[in-house]
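This report concerns only the one structure given below.
The values are calculated or read from the model by the stated rules, or taken from the named source; none is laboratory data. Small disclaimer: the values here were computed from a predicted structure and weren't measured. Every residue, glycine among them, receives a Cβ derived from its backbone with ideal geometry; neighbour counts consider all protein chains shown. Just so you know, the surface numbers come from the protein's heavy atoms only, side chains and all, with ligands and any DNA or RNA stripped out. Shrake-Rupley method; radii C 1.70, N 1.55, O 1.52, S 1.80 Å.
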Amino acid sequence: MAAAVPPDALGRRVCCGTDYGTVRYVGSVSRTAGIWLGVEWDDPQRGKHDGSYEGTQYFKCRHPKGGSFIRPNKANFGVDFLTAVKDRYGLNGKQDVQGGTGNAVMIGTKTVEFIGMDSVAEQQRQVQLDKLVDISVRECAVSRAGQEEEISRTCANMRHINLSKNLISSWETVVAIASQVQNLETLNVSENKMRFPSTSTLTSSAFSNLKVLALNQTEITWTEVLLCAQGWPVLEELYLSANNIPVLERPDNVLQTLKLLDLSDNQLLDGNQLHLIAQLPRLEQLILRNTGISYIHFPDAGFGCKTKMFPSLKRLAINDNKISQWSCINELDKLPSLQALQCSNNPFMDSEKNPETLIQLIIAKISQLEFLNNCEILPAERRGAELDYRKIFGKDWLEAGGHWDPEKNKPSEEFLAAHPRYQTLCLKYGAPEEGELKGQQPLTLKNQLLTLTIKCPEKPDQKPVEKKLPESMTIQKVKGLLYRLLKIPGSELKLSYQSSKLEGKEVELDNDLKPLQFYSIESGDCVLVRW
């Protein structure tokens, strides 16, 4: 007997085994009997042709080999939401106790039938469904909401729903499910290739409490996002990864409560697209991984000033992009609230072969940064980075018109554009002295030795000792050396140092694995030992 084809089969999502596709044709095919479904497969390798057979085009595919014909009985059109929930959580009423079914149960060799057990079991299932708060029916072939109000009657306490990778064909189905969940806070409908409204529709109250929404790999456009967003009044997190969104539009009167926006794996037309979402007042986290952007620019602010764009942005991910200019990193210092940055796998990082130096440059260029590529920036690390930056570009500063005399200190516009923070760093640490700006000498051991004075400030009877130590020596090895001198175990020693150029400032040497040069210690400085 041939399988029945749903009357709305055209455009529906189906699965056949582990393969997912969309029905593009329902009907007969020349020189064959019966009804066929023409399916455009998500994975083109599952297909055989472009929707044509023996010279006749029955449907169209985006990929020349993305389509094929299958019989209706091979296609799974899915189940309603509640059926999927019951199946997933073992609440579907199916019983099989020692070979017995229904109300008949085997006890020893006798079959005992329990009268009224159907209603009792149903009540128990009802109670269990009513307790579910966090529900996942991922890959359960959900395609429709089911009977009206059935979900609200049986799953009244649901707040978080994972509907990803199902057979949902339209946003209307999502609305039909969500409208029956009064306190819905989190919804994941990713990996459902569905149709969205193309014109403004009456706003539903289905998402009045929704705070987190994932629409990854749903083929939604930014225009459709803005149309649907009219029904998301309190949304805080929106995930739109891998939707082929090339252009953005200004979100007027929508998404104003948004704190996190994920646009990763969408190939944006250019960096200027970001200006269109720059006025979202509460946006704290923006994920732009693998979006193809090659530059970032905030034209409303000059160097050394803060932009009015992205006023609340604290965390930014721009890794796996095409940013090749260090000027883009300078631009990020204009963001008034930026605290965390992910920027790995960008061409600008290839300009510096030493990874330690690369990290130092980024830290020195962005003043408020607290985390870089998921690693915390410690105060000593920032200080070392800023001091080194001040030295590295000191010669360029002088050649561009910089001077130790404040009245004569007038570096060129070009220098300030390339190094917007340099003047601030000079004010913070003092202008680099002439001895710091000598050209790099060959890295012989003699040139790498630091002449340091070692003092025990809490032991006045202990005379200061002068030692020559390699700048590459770790703090742990310094403690080992001090153990031989003082006979105090390294685990009990606390080290710090005072710079000969910054009187009164003491910096803790708090990481045993870091070398002396990490803390920008120089010859003439004093290492303080306490225990």
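Considering segment 487-531 alone, what residues qualify as being open to solvent by 20 Å² or more (accessible area, probe 1.4 Å), part of a helix (DSSP H, G or I) and out of contact with any Phe, Trp or Tyr (no Cβ under 8 Å at 6 or more places or on another chain)?
Scanning segment 487-531 gives SER491, GLN517, PHE518.
Go through (1) of a type in the set (Ser, Thr, Tyr); (2) open to solvent by 10 Å² or more (accessible area, probe 1.4 Å); (3) not assigned by the TED database to the domain that holds LEU313 and name the single condition SER367 misses.
(3)
Take the residues in segment 344-361 that are modelled with pLDDT of 95 or more and outside any helix (DSSP H, G or I); name whichever of them is most open to solvent (accessible area, probe 1.4 Å).
My answer is ASN345.
Any residue that is under 22 Å from ASN244 (Cβ atoms) and of a type outside the set (D, E, K, R) - is there at least one of those in segment 322-330?
Taking every residue of segment 322-330 in turn, at least one turns out to be under 22 Å from ASN244 (Cβ atoms) and of a type outside the set (D, E, K, R).
Please verify whether GLY67 is touching an Asp or Glu at 6+ places or on another chain (Cβ under 6 Å), surrounded by 12 or more Cβ atoms within 10 Å (Cβ to Cβ) and modelled with pLDDT of 95 or more, treating the condition exactly as stated.
yes
Taking segment 34-49 on its own, how many of its residues are over 16 Å from GLY17 (Cβ atoms) and buried (at least 19 other Cβ atoms within 10 Å of the Cβ)?
3
May I ask you to list the residues in segment 462-475 that are within 15 Å of TRP531 (Cα to Cα) and surrounded by fewer than 14 Cβ atoms within 10 Å (Cβ to Cβ)?
Once the filter is applied, which keeps residues that are within 15 Å of TRP531 (Cα to Cα) and surrounded by fewer than 14 Cβ atoms within 10 Å (Cβ to Cβ), segment 462-475 yields nothing.
Determine, yes or no, whether ALA364 is at pLDDT 95 or above and more than 23 Å from the chain's Cα centre (by Cα).
Taking the combined requirement at face value, the residue satisfies it.
Considering each of CYS61, CYS16 in turn, give the residue that is surrounded by 13 or more Cβ atoms within 10 Å (Cβ to Cβ) and in contact with a His (Cβ under 9 Å, 6 or more places away or on another chain).
CYS61
Residue by residue through segment 295-331, note down the ones that are among the hydroxyl-bearing types (Ser, Thr, Tyr) and open to solvent by less than 50 Å² (accessible area, probe 1.4 Å).
Of everything in segment 295-331, those that are among the hydroxyl-bearing types (Ser, Thr, Tyr) and open to solvent by less than 50 Å² (accessible area, probe 1.4 Å) turn out to be THR307, SER312.
Of the conditions (1) in the same structural domain as THR56 (by the TED database); (2) in contact with a strand residue (DSSP E or B) (Cβ under 9 Å, 6 or more places away or on another chain); (3) farther than 21 Å from VAL174 by Cα; (4) aliphatic (A, V, I, L, M), ALA33 clears all except one; give me its number.
For ALA33, the exception is condition (2).
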